[in-house]
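Enquirer: I'd like to ask you about the structure that follows.
The values are calculated or read from the model by the stated rules, or taken from the named source; none is laboratory data. Please read all numbers here as calculations on a predicted model, not as lab measurements. Here the Cβ positions follow ideal geometry from the backbone for every residue, glycine too, while neighbour counts run over all protein chains shown.
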Amino acid sequence: MKTFSVIAGREMRLALRNRSILISAAIFAIWFPVMSAFGVAAGARGDAATIAGGIAAITLPVGVFMGYIFCADAFLREKRDGTIETLLCTPVSLRRLWEGKAIGVAVPAYVMALISATVTIAAITAITGITVVTEPLLLLHLAAIVPVWIIASTGLIGAAQLALGMRENQILGFLLIFGFIFIILGLQEIVPGGPGVSLVTEGILAAAGIALIAFARFIAGKVTRERIVLTIP
Amino acid sequence: MNAVEVRGLSRSFDGRNILNDVSFTVGHGEVFGYLGPNGAGKTTTIRILLGLLTPGAGEVRVLGRDLAADDDARAKVGVLFENNGLSDRMSATANLTYYAGLYGVDEPAERIDDLLTLVGLADRRDDLIGTYSTGMKRRLGIARAILHRPEIVFLDEPSSGLDPGAQRMVRDLIVELSRREEMTVFLNSHHLDEVQRICSSVAILAGGRIRAFDSVANLTGARDRPAVTVTLADPGDRAGASRVIEALPFVAGCDPDGEGIHCTLSDPGATPDLIAALVDAGLRIEEVRRSSRSLEEIYIEHVGSAGGGV
């Protein structure tokens, strides 16, 4: 457990020191929700529950995308610099290394997602005059569903980045991120009651997120030291 | 039990044999030099020993353990690859503290202080590694590699890319470490001069095979077949002197070479008898100098001047 916190703590500190990634993440976290806020406000026609659903629908893909941005620094950069080889020679298991890194980058990604949600709520409140921060399901969504999906994305993308070469990673990174967003939008569309926050929607999203984390753990378990070393550029 | 045991190791990539039936051992406390041209398979061997790659055939053990299967065993092993394993965006202290956490080092602050002083970076401890020179990074990399007091440390081309001053500093540091920390050093290098100065034994790898494996003293002939170069006061006496030398029973070879006569002796203690025989023959001696073959000569003999990459 100690090595897990050492690895995760280091990834968080490095994420906070990477100015270029922080700027990219901040721009996306603010620009995307502000632009979407007008659409949500126009479509909701004053209904607080629909607005809360719109905010939830925006925040989840933003969080997943934040996970993707921070993963590049924790997994891909370590591989490109070759420092991953030294880490693989420490007495830390590969699974523990993956877990520490995935959670370490999930934390700043979650913080960015919360900033994004705050900006979205502020923008919609400013446009519609309706306050939605007291919607319990929206709070549940932000407190539980968003972090589960961010962990699923950092875990899966991280495992893929460890296992694949640089060129394959460029392609697969985009495929994974669009895959995630497609799944999120698809789930929100197919659940009874349509898009929005409801117990059913949140339950399905929670179950799908946990299933994706389990899948990411399974994939990470298949990655070997040899595979990582042979794909170092 | 040896610190490193390699038996019948083979490995190929994409149908190309990189290592072919490689065997050698490294004793505890030795400074071992693993030599070979670029592409000979040195780094592949180290990666297999460290459990980063699997052997195609054969068996490897480090401190009697298989590092690929045994996470805990890696706590007794230090490693320095070309990139030093350091994050440019962290300070020296932060980098070492991170690795101290991974290895579970007791009283890390004290150990880090000690090592930063040893490698001469105590006054730059809080600077980002990105501001360090290549030589400073390498010294810090060595400190990182031995932070957890390993029993054996693998150094992959530690002098690569360094200027002569920094190379010497790193070389002195390796000798100091071996002496002070009493650890086995596995040095992967193609700096022959460096290896000859600091290593007790070497293996030469070329074309995926071990071409020579012995102590440096044995390989260069300094122990079993010492050589001397005799310079005569009158170079015109060389032919006569050569006949006298060749007739001596303890002389294995005689080669008039430039101004002197190069003699290989079968008896390490026969130099005074050689001098006496020449004086008895009425020859005037200017100088008698012990000479041995350099590791470079041995290397070229086994590898060839064109190199022996796979």
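Enquirer: Among the residues of region B:63-71, are any surrounded by fewer than 23 Cβ atoms within 10 Å (Cβ to Cβ), at positive phi, out of contact with any Leu (no Cβ under 9 Å at 6 or more places or on another chain) and not charged (D, E, K, R)?
Expert: yes
Enquirer: A further question on this structure: Output the number of the condition that A:LEU175 fails; it satisfies all remaining conditions of (1) part of a helix (DSSP H, G or I); (2) aliphatic (A, V, I, L, M); (3) buried (at least 18 other Cβ atoms within 10 Å of the Cβ).
Expert: (3)
Enquirer: Just to be sure, is A:LEU97 within 30 Å of B:ALA145 (Cβ to Cβ), at the interface with another protein chain (Cβ under 10 Å from one of its Cβ atoms) and surrounded by fewer than 22 Cβ atoms within 10 Å (Cβ to Cβ)?
Expert: no
Enquirer: Do you know which residues across region B:287-301 are assigned to a strand (DSSP E or B) and of a type outside the set (D, E, K, R)? Give the steps one after another, and end with the answer.
Expert: Just the residues of region B:287-301 that are assigned to a strand (DSSP E or B), to begin with: B:287-291.
Answer for region B:287-301, where residues must be assigned to a strand (DSSP E or B) and of a type outside the set (D, E, K, R): B:VAL288, B:SER291.
Enquirer: Inspect region B:77-89 for any residue being under 13 Å from B:ILE146 (Cβ atoms), crowded, with 20+ Cβ neighbours inside 10 Å and either out of contact with any helix residue (DSSP H, G or I) (no Cβ under 8 Å at 6 or more places or on another chain) or outside the structural domain of B:LYS137 (by TED's automatic domain parsing) (or both) and give the result as yes or no.
Expert: yes
Enquirer: Pull out all pairs, ordered by first then second residue, where Cβ-Cβ is under 7 Å, the residues are six or more apart or on different chains, the first lies in region A:79-94 and is within 7 Å of chain B (Cβ to nearest Cβ), and the second is in a loop (DSSP other than H, G, I, E, B) and hydroxyl-bearing (Ser, Thr, Tyr).
Expert: From residues that are within 7 Å of chain B (Cβ to nearest Cβ), the pairs are A:THR83/B:SER87.
Enquirer: For region A:1-27, which positions are charged (D, E, K, R) and touching a Lys or Arg at 6+ places or on another chain (Cβ under 8 Å)?
Expert: A:GLU11, A:ARG17
Enquirer: Consider only pairs whose beta carbons are under 6 Å apart and that are at least six residues apart or on different chains; among these, list those whose first residue lies in region A:216-230 and is charged (D, E, K, R) and whose second residue is crowded, with 17+ Cβ neighbours inside 10 Å and part of a helix (DSSP H, G or I).
Expert: Matching pairs, first to second residue: A:ARG225/A:LEU88; A:ARG227/A:ALA163.
Enquirer: Can you name the residue in region B:230-252 that is touching a residue at least 24 places away in the same chain (Cβ under 8 Å) and more than 16 Å from B:ARG284 (Cβ to Cβ) and, of all such residues, is surrounded by the fewest Cβ atoms within 10 Å (Cβ to Cβ)? Explain how you work it out, then say what you get.
Expert: Within region B:230-252, the subset touching a residue at least 24 places away in the same chain (Cβ under 8 Å) is B:230-235, B:237, B:240-241, B:244-245, B:248, B:250, B:252.
Remaining after also requiring more than 16 Å from B:ARG284 (Cβ to Cβ): B:248, B:250, B:252.
Values: B:LEU248: 17, B:PHE250: 15, B:ALA252: 13.
Among them, the one singled out is B:ALA252.
Yes/no matrix, rows are residues, columns are (1) at pLDDT 90 or above; (2) away from chain A (no Cβ under 14 Å); (3) over 19 Å from the mean Cα position of the chain (by Cα):
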position	(1), (2), (3)
B:THR117	yes, yes, yes
B:LEU121	yes, yes, yes
B:ARG125	yes, yes, yes
B:LYS137	yes, no, yes
B:ARG144	yes, no, yes
B:ASP156	yes, no, no
B:ALA166	no, yes, no
B:ARG180	no, yes, no
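Enquirer: Only one residue in B:GLU110, B:GLU151 is assigned by TED's automatic domain parsing to the domain that holds B:LYS42 and surrounded by 15 or more Cβ atoms within 10 Å (Cβ to Cβ), so which one is that?
Expert: It is B:GLU151.
Enquirer: Right, another one. State yes or no: is A:ALA109 crowded, with 16+ Cβ neighbours inside 10 Å and within 12 Å of chain B (Cβ to nearest Cβ)?
Expert: no
Enquirer: Looking only at region B:46-80, which residues are facing chain A (nearest Cβ under 7 Å) and either assigned to a helix (DSSP H, G or I) or touching a Ser or Thr at 6+ places or on another chain (Cβ under 6 Å) (or both)?
Expert: B:ARG47, B:ASP71, B:ASP72, B:ARG74, B:ALA75
Enquirer: State the number of residues belonging to region B:89-111 that are of a type in the set (D, E, K, R), touching a residue at least 24 places away in the same chain (Cβ under 8 Å) and more than 8 Å from chain A (Cβ to nearest Cβ). Talk me through it step by step, then tell me what you get.
Expert: Residues of region B:89-111 that are of a type in the set (D, E, K, R), as a first pass: B:89, B:106-107, B:110-111.
Within this subset, residues satisfying the condition of being touching a residue at least 24 places away in the same chain (Cβ under 8 Å) are B:89, B:111.
Still in the list and also more than 8 Å from chain A (Cβ to nearest Cβ): B:111.
Of the residues in that region, 1 qualify.
Enquirer: Please go through region A:1-45 and pick out each residue that is within 14 Å of chain B (Cβ to nearest Cβ), surrounded by fewer than 17 Cβ atoms within 10 Å (Cβ to Cβ) and among the hydroxyl-bearing types (Ser, Thr, Tyr).
Expert: A:SER5, A:SER20
Enquirer: Separate question: Of the residues A:THR201, A:THR224, A:THR231, A:THR154, only one is hydroxyl-bearing (Ser, Thr, Tyr), more than 30 Å from B:THR44 (Cβ to Cβ) and at pLDDT 90 or above; which?
Expert: Matching residue, one of A:THR201, A:THR224, A:THR231, A:THR154: A:THR154.
Enquirer: Whether any residue in region A:142-153 is free of Cβ contacts under 8 Å to residues at least 40 places away in the same chain and either surrounded by fewer than 16 Cβ atoms within 10 Å (Cβ to Cβ) or more than 19 Å from the chain's Cα centre (by Cα) (or both) is what I want to check.
Expert: yes
Enquirer: Which of the residues spanning region B:40-56 are hydroxyl-bearing (Ser, Thr, Tyr) and in contact with a strand residue (DSSP E or B) (Cβ under 7 Å, 6 or more places away or on another chain)? If you could, list the steps in order and put the result at the bottom.
Expert: So in region B:40-56, the residues hydroxyl-bearing (Ser, Thr, Tyr) come out as B:43-45, B:54.
If the condition is that a residue be hydroxyl-bearing (Ser, Thr, Tyr) and in contact with a strand residue (DSSP E or B) (Cβ under 7 Å, 6 or more places away or on another chain), then B:THR43, B:THR44, B:THR45 are the ones that fit.
Enquirer: When you look at B:GLU110, is it over 24 Å from A:PHE4 (Cα atoms) and among the acidic types (Asp, Glu), yes or no?
Expert: On the way: over 24 Å from A:PHE4 (Cα atoms): no; among the acidic types (Asp, Glu): yes.
Taking the combined requirement at face value, the residue does not satisfy it.
Enquirer: Can you spot a residue in region B:155-167 that is in contact with a helix residue (DSSP H, G or I) (Cβ under 6 Å, 6 or more places away or on another chain), among the aliphatic types (A, V, I, L, M) and either part of a loop (DSSP other than H, G, I, E, B) or within 20 Å of A:THR83 (Cβ to Cβ) (or both)?
Expert: Yes, region B:155-167 has at least one match.
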